[in-house]
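The values are calculated or read from the model by the stated rules, or taken from the named source; none is laboratory data. Being a predicted model, the structure only gives us computed values, none of them experimental. Here the Cβ positions follow ideal geometry from the backbone for every residue, glycine too, while neighbour counts run over all protein chains shown. For the accessible areas, the whole protein counts, side chains as well, though only heavy atoms, and no ligand, DNA or RNA atoms are used. Shrake-Rupley method; radii C 1.70, N 1.55, O 1.52, S 1.80 Å.
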Amino acid sequence: MASEITSPGGKMKFFRQHGGAVSCYLLLVLWIFLLLAAMYRFMSREPSLQLVGVRQGEQQQDELGANAERVRRFCNEHFADGAEGRVGGDFSLLGATVVFRHGLRGPLVHLRNASALHCAQPPTPPPWANMSKAPGFTQMLGAFHSFPLAPTECSGLGQLTPRGAAQLERLGAALRVAYAERLALNDASRGAPVALLATRYRRTLQSAVALLHGLLAPLALPRLVQPFQEAPSVFFCFADCACAAAERLRRTIEAEAAAALRSHPAVTRLAAAAAPFDGVATPKAVLDALLVTSCHGSANAAAGPLAAYLEWEARRLAARFKPLALLRAHPLLRHLGAQLLRFVAAPTPRLVLYAGHDRTLQYVAAALGLNTPDAALPPFAARLVIELYRKGMGADFFFRLLLNGRDVTSSLSFCRSGLVVYEGVWGAKGQRVGVAASLCPLESIVRFLHDDYFAPFNATNAKDACSMHF
């Protein structure tokens, strides 16, 4: 048989006998090749996870430049002109609630070279550093009276940095433009118009004081701001913090994230190579440390790819994260809903501030169905705002939701049937009086929180939902 195949006549005889099998074999090889090409193309849609740290020169600079915008978003150094308060026509603003994350802080772990942070600390403390000595400030600070009001260094573990304080002062200035006149924030004739709740962390308290300094006349703060209230947790859960189902869901999500990470060894290697600290180098811990250094002027090429991976992971786990967010955010959302109703009934406060953390915003945004990078991984000094409007002088009330200055009301599933769109109008001199805005009837969020919130759990209240097993 072998001699027949090797001879010219044998070859012809072989192909006459086996040509069909050879053709099938070639077609199979071609099909496998096309399948592998399609799989490669699909997998390439995931974030780039190459080890940028091992590349040199111009190629590494290109990678850093490609991810610079992602890192800048986390740093949140520039506050664009937001759409807060800019609804005109027949709508009058009655009040607003602002849930915000603290500003840039120091690392949560000891860095190998923390002194390398470009602190850019001003030569003198900020003007609000010694405000606690002024009359009335101790009473306004309440349980926070012993806290220092301004940061003094960059390297303190988890502490607000001078850049972080400057961020919040700029945010306060932006909110002053939006609300000082519309909500008469300098008028205390009917009581202090501003209220503030903060978690018991130095960085949130200092962020709140910096924001208030940009928002109001500093010496008038004790007259314009009600005594600070302390929130018992980053979830602002007050007396409803215990939830066994939430803890079970959290552990399940963490286990799934760990399993996904094991299938991406390039991410693990990148995190280990880029970690500026000793110890367990998870992508989240390394990214946090790199953002602290990058946002203070020491850019690192690994920050962008790690941020891309975590954003991809957040999108992949969104369906699993939503039930956890509903359970964790319920106390704060109920508090926010009650505050909207108080705006209707009482003249003060007219602006309520919640000084919180990234997880505070993550859970509230996810519970409301917001699926954007700013919602999944909130940058420093991020803000979520709910405004309440009255139409004319009647009894029609509408609310509006904004995330980092952008109107996202139309993203709320429980608002779509009753959404009112205000197109904006132009003044007599050609100036824009109001921006295009979406407004949702107040009863929509009341019904959502009271009747429909726990429907995904087939439950009607928090106690039943928190007792479920997943």
message: Against the definition (in a loop (DSSP other than H, G, I, E, B) and crowded, with 17+ Cβ neighbours inside 10 Å), how does ALA329 come out, yes or no?
response: no
- prompt: How many residues are assigned to a loop (DSSP other than H, G, I, E, B), surrounded by fewer than 16 Cβ atoms within 10 Å (Cβ to Cβ) and among the small types (Gly, Ala, Ser) if we restrict to region 127-157?
  reply: 3
message: For the condition open to solvent by less than 10 Å² (accessible area, probe 1.4 Å) and in a loop (DSSP other than H, G, I, E, B), what is the one hit in PRO378, PRO349?
response: PRO378
- prompt: Out of curiosity, is VAL344 open to solvent by 20 Å² or more (accessible area, probe 1.4 Å), modelled with pLDDT of 95 or more and closer than 28 Å to LEU212 by Cβ?
  reply: yes
- line: Of the residues in region 418-446, those that are out of contact with any Phe, Trp or Tyr (no Cβ under 7 Å at 6 or more places or on another chain) and at pLDDT 85 or above number 6
message: Considering only region 193-204, I want to know if a residue exists there that is closer than 18 Å to LEU332 by Cα, of a type in the set (Gly, Ala, Ser) and in contact with a Cys (Cβ under 9 Å, 6 or more places away or on another chain).
response: no
- request: Take the residues in region 163-199 that are closer than 24 Å to ARG342 by Cβ, in contact with a Ser or Thr (Cβ under 9 Å, 6 or more places away or on another chain) and not aliphatic (A, V, I, L, M), then tell me which one is surrounded by the fewest Cβ atoms within 10 Å (Cβ to Cβ).
  value: ARG190
Output for region 445-464, where each listed residue is surrounded by 19 or more Cβ atoms within 10 Å (Cβ to Cβ) and assigned to a helix (DSSP H, G or I): ILE445, PHE448, PHE457, ALA462
query: Given the residues ALA239, ALA319, which is the only one that is at pLDDT below 95, closer than 22 Å to HIS357 by Cβ and open to solvent by 10 Å² or more (accessible area, probe 1.4 Å)?
result: ALA239
task: Mind listing just one residue for me: the one in region 387-410 that is outside any strand (DSSP E or B) and under 16 Å from the mean Cα position of the chain (by Cα) and, of those, nearest to ARG182 (Cα to Cα)?
output: GLY405
task: Report, by residue number, each residue of region 200-212 that is open to solvent by 30 Å² or more (accessible area, probe 1.4 Å) and either of a type in the set (S, T, N, Q) or out of contact with any strand residue (DSSP E or B) (no Cβ under 6 Å at 6 or more places or on another chain) (or both).
output: TYR201, ARG202
message: Being under 28 Å from LEU215 (Cβ atoms) and at pLDDT 90 or above is the requirement here; does LEU370 meet it?
response: yes
task: Go over the candidates GLY304, GLY337 one by one and state the one that is farther than 30 Å from HIS264 by Cα, assigned to a helix (DSSP H, G or I) and of a type outside the set (Asp, Glu).
output: GLY337
